[in-house]
Each structure stands twice: as C-alpha cells, then as structure tokens.
Amino acid sequence: MRVVVASGKGGTGKTLVAANLAAVVACLCDVVLVDCDVEEPNLHLFFPSEKKLLPVLADVPVFDTVRCDHCGECARTCQYGAIVVLSQKNLFFPEMCHGCGGCEIVCPQGAITMGKREVGRIEFSRPRAGLTLVSGVLNEREVAAPRVIREALRYAAGHPLVICDAPPGTACPLVETLEGADFCILVTEPTPFGLHDLSLAAGVAGVLGVPAGVVINRSIGEDEIIWRFCRSENIPVLWTIPFEKRIAELANEGKVLTDEIPEMKELFLRLFAEVRHRGEAGL
Amino acid sequence: MIICITSKGPKSTDPVEERFGRSPYFLFHDTEKGDFDPVTNKFADAAGGVGPRAAQVLIDRGAKVLITGNVGGNALSVIQAAGIEVFRYRDGGSVEDAFQKYQKGLLGKMA
C-alpha cells in the first residue's frame, strides 16, 4: 500500500503527519518513507542519520556542431526556451531543458543526440529500526522536479508499505507523487487559505481516482469551514490535531511527537488503522 | 539598421514596456524605411523560458539594437551572443520618446 500525505497549501503540517505516521508504523512493520517535496525536502530533519547518495540524471541534447546547419528547427520546437539558434552557433540553457527529446526528433540533419546530466540526487538512510527514508533532492536552479520524484518513487516501488510526503501545490510534482497511490491524507488548517488549497488538492486526488481523507491541523475547535467542505464533497475527516504550543515546539526542535508524547503514539496508530482500512478497501 | 523597442501596444505612441521577455509587443523600426512594424509577442503569457524565446524573435528579424527597461540573465546572454546592443529606457514615456532619446544618445547602454 502507498499512502500520500498532501495538502495543497504549504505549511499545514504534511511533513509532521508523514514523519510521525512513519515513526509509529515502523514499530509494527517495515515502512519506506519517501520525501517527494524535492524542491525543499525536510523529512531528514526529523530523522538525522548517515546517508547514501545516488545521482538523478536527466536527458539533455548534445549538438553535433559539424552536422548542425543552424536551421533553427530545434529552437522552434522547444517549448521551454532552452535552445536559441544564431547564424553561426547555438546556445543551450540546460537548466531550462525538460529533457523531452523533441529537438532530437525534429532535427533534419540528425545533429542532436540525447546525453545525460545530473539534476538532483536521491538520499537513502535507515534512521531507526523498520524505517527506510528515501529523500529526493532537486538541485538548485533546476526545474525537473517530477524527474527526481519519479526516481525516488522507483526506489520505493514494490515495498509493501510506502508513505510519501508530497510537495505543496497542485501542479506536476503533486500529480507525479499522487498518481497510482492507494490513499491520500490531506492535511489542512481551518483557515480560508487552508480550505481553498484543500479544495484544489482534493480535486487532484479526485481526478486521479485516489481516495482521500482529511486531517485538520492546528485546530482551535472552530473548524466548521473545513467540515462543511468535507460534508459537501463526501470526504471523511480522519482526525483533528489540536493547536498546542508543545506540538509546535517539539516539531521546531526536529523531534518526533510520537517519541515524546505517549498519547500521540496512540492517536497516530489510530490514524494509520483508519488509513489502512480505507486504502485497502478503496474508500 | 533594425531597432527593436518593447511596447505595451502596437503603435509607436503606446507606452514602452519595461520588461523584455513578457513585453506584449515588439516594435521593429527600420531606420531606412522609418516605420514601426509591430509584432505580437506570443510568449508574453507563457509559463517559463520566455527570455531566450523572445530573444530568438529579435535574432530572426535581424535587430541590431534593443531598447527596453531591463533584460533577464538568460535573455541577456543570448542577446550578447547575437551581438545586439541593449539600451535602457525607464522614463515611462512612449515608444517614440524612447526612440528619440536613443537617437540623441541619451540612453545608457546595458553591459
């Protein structure tokens, strides 16, 4: 089973939920925790440990300067502005290239072949018994977040239990993370911003056919705007995390709540039981 | 010689657009013909990579001078490689005003 923790809005507590869920589940069975927020991965802050690194490579065009007659077909085809053709030479901006290979296909001279270039890395660690952490890290200035996410998920593929910390937003990186998952936990906060982005993220899960449930974080007991949305969309509210200074302090110190607060361990185990039930039943 | 001025509209009386890649129009002025030929920038609303693609438009039309407010890093490296001179205009006036100030040598050159 693969569970994705998403939110739409940033800063609602995705990583907090993913880290604690993985920590309690690791006491029961083996779990792989994947940090798919490759532009700003931060799960490792909760699980400091020695890492092994593997590079993530992306396709890039290599120009044969002898064959190239500067016709400009490649530049006209490139949707990302990565190639500019001058009368005597070509300019290529590797960090703008998405590696689609369109330039290679259209080149009438056969002057383009695809080479490789490092755009990020995958970090592996085994921070505690039962828990494997796989973090995708996109290099600065790079745009190919889905490429790195795909690679991180590939290393976790086939494992019986995978928990993914999704990137914020609802664009390609979230789609890459969420597609094919068994269940999506949507972490939100009871604010108009939280609701707005929750509705967008729930929409993505709906389009991808991934069943979803909501966790309301930082609740001060006035969560009616979230409940109203969940009722109208028929999305279950799985759990409500109270707004408590102690939780914020522990998270800021990079501590795992379920290690420090015994009651939290019980609550996260209950969340996992609910998620597993719904994920397996496709609810 | 062909001079390109970034513009908010298709006429030379329209205000200069200070952004290069996202300029709605490029007005190409041929100093031999004396007219302003407007070209719609189809990359103005594109998600990314607008600078180099807009620069390619200037190259394809043989511009030797660009007058605009500012040019981003990627576009600037294209423009410099193509040997196009860039002059900064940030007075908030029309394309004609920018052109006249260029002719009088009042505009600073971008390095």
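The values are calculated or read from the model by the stated rules, or taken from the named source; none is laboratory data. Note that the structure is a prediction, hence the values are computed from the model and not measured. Ideal geometry is used to build each Cβ from the backbone, glycine not excepted, and the neighbour counts take in all protein chains shown.
Of all residues in region A:94-116, those being of a type outside the set (S, T, N, Q) and within 13 Å of A:Phe63 (Cβ to Cβ) number 10. Residue-level check: of (1) at pLDDT 95 or above; (2) on the phi > 0 side of the Ramachandran plot, A:Gly81 misses just (1).
Looking for something within 14 Å of chain B (Cβ to nearest Cβ) and assigned to a loop (DSSP other than H, G, I, E, B) - is there at least one such residue anywhere in region A:62-70? Checked region A:62-70: at least one residue is within 14 Å of chain B (Cβ to nearest Cβ) and assigned to a loop (DSSP other than H, G, I, E, B).
Would you confirm whether or not region A:84-102 contains a residue that is part of a helix (DSSP H, G or I) and of a type in the set (Val, Ile, Thr)? Checked region A:84-102: no residue is part of a helix (DSSP H, G or I) and of a type in the set (Val, Ile, Thr). Between A:Lys255, A:Lys245, the distinction of being without any contact (Cβ under 8 Å) to a residue 60 or more places away in the chain and basic (Lys, Arg) belongs to A:Lys245 only. Within the set A:Ala181, A:Ala157, A:Ala166, the sole residue that is free of Cβ contacts under 8 Å to residues at least 24 places away in the same chain and either polar (S, T, N, Q) or assigned by TED's automatic domain parsing to the domain that holds A:Asp30 (or both) turns out to be A:Ala157.
Return the only residue of A:Ser87, A:Ser49 being at pLDDT 95 or above and among the polar types (S, T, N, Q). The conditions single out A:Ser49.
Per-residue answers, yes or no, for (1) within 13 Å of chain A (Cβ to nearest Cβ); (2) touching a His at 6+ places or on another chain (Cβ under 8 Å):
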| site | (1), (2) |
| --- | --- |
| B:Cys4 | no, yes |
| B:Pro10 | no, no |
| B:Pro15 | no, no |
| B:Leu27 | no, no |
| B:Phe36 | no, yes |
| B:Gly69 | no, no |
| B:Ala82 | yes, no |
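Could you please let me know if A:Glu118 is surrounded by fewer than 16 Cβ atoms within 10 Å (Cβ to Cβ), in contact (Cβ under 8 Å) with a residue 12 or more places away in the chain and part of a strand (DSSP E or B)? Criteria met by A:Glu118.
Of all the criteria given as (1) closer than 24 Å to A:Pro173 by Cα; (2) modelled with pLDDT of 95 or more, the one not satisfied by A:Ile112 is (1).
Out of A:Glu151, A:Glu176, A:Glu142, report the one residue that is assigned by TED's automatic domain parsing to the domain that holds A:Ile241, acidic (Asp, Glu), buried (at least 16 other Cβ atoms within 10 Å of the Cβ) and not in a helix (DSSP H, G or I).
Sole residue among the options that is assigned by TED's automatic domain parsing to the domain that holds A:Ile241, acidic (Asp, Glu), buried (at least 16 other Cβ atoms within 10 Å of the Cβ) and not in a helix (DSSP H, G or I): A:Glu142.
Considering region B:1-100, the qualifying strands (runs of 3 or more DSSP E), each wholly inside and each with 1 or more residues that are closer than 22 Å to A:Thr77 by Cβ, run over B:25-30, B:36-40. Does A:Val56 meet the test of being surrounded by fewer than 19 Cβ atoms within 10 Å (Cβ to Cβ), touching a Gly at 6+ places or on another chain (Cβ under 6 Å) and not polar (S, T, N, Q)? No, not satisfied. Could you please let me know if A:Cys100 is within 14 Å of chain B (Cβ to nearest Cβ) and under 19 Å from B:Ala75 (Cβ atoms)? Judged against the criteria, A:Cys100 is not a match.
Just wondering, is there one or more residues in region A:81-97 that are more than 12 Å from chain B (Cβ to nearest Cβ), among the basic types (Lys, Arg) and touching a residue at least 12 places away in the same chain (Cβ under 8 Å)? Within region A:81-97 (the criterion being more than 12 Å from chain B (Cβ to nearest Cβ), among the basic types (Lys, Arg) and touching a residue at least 12 places away in the same chain (Cβ under 8 Å)), the answer is no, since none of the residues qualifies. Taking the residues in region A:42-61 that are assigned to a strand (DSSP E or B), under 24 Å from the mean Cα position of the chain (by Cα) and not hydrophobic (A, V, I, L, M, F, W, C) as candidates, determine which candidate is nearest to the other protein chains (Cβ to nearest Cβ). Among those residues, the one meeting the criterion is A:Asp59. The selection criterion, being within 14 Å of chain B (Cβ to nearest Cβ), small (Gly, Ala, Ser) and crowded, with 19+ Cβ neighbours inside 10 Å, does not hold for A:Ala18.
With respect to the stated conditions, A:Phe193 is modelled with pLDDT of 95 or more and part of a helix (DSSP H, G or I).
Let's see how each residue does on (1) crowded, with 21+ Cβ neighbours inside 10 Å; (2) over 30 Å from A:Ala6 (Cβ atoms); (3) assigned by TED's automatic domain parsing to the domain that holds A:Ser135:
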{"site": "A:Val25", "(1), (2), (3)": "yes, no, yes"}
{"site": "A:Cys29", "(1), (2), (3)": "no, no, yes"}
{"site": "A:Val38", "(1), (2), (3)": "yes, no, yes"}
{"site": "A:His44", "(1), (2), (3)": "no, no, yes"}
{"site": "A:Arg67", "(1), (2), (3)": "no, yes, no"}
{"site": "A:Gln79", "(1), (2), (3)": "no, no, no"}
{"site": "A:Val84", "(1), (2), (3)": "yes, yes, no"}
{"site": "A:Cys100", "(1), (2), (3)": "no, no, no"}
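Of the residues making up region B:53-111, those that are surrounded by fewer than 21 Cβ atoms within 10 Å (Cβ to Cβ), closer than 27 Å to A:Tyr80 by Cβ and among the polar types (S, T, N, Q) are B:Asn70, B:Ser77, B:Gln80.
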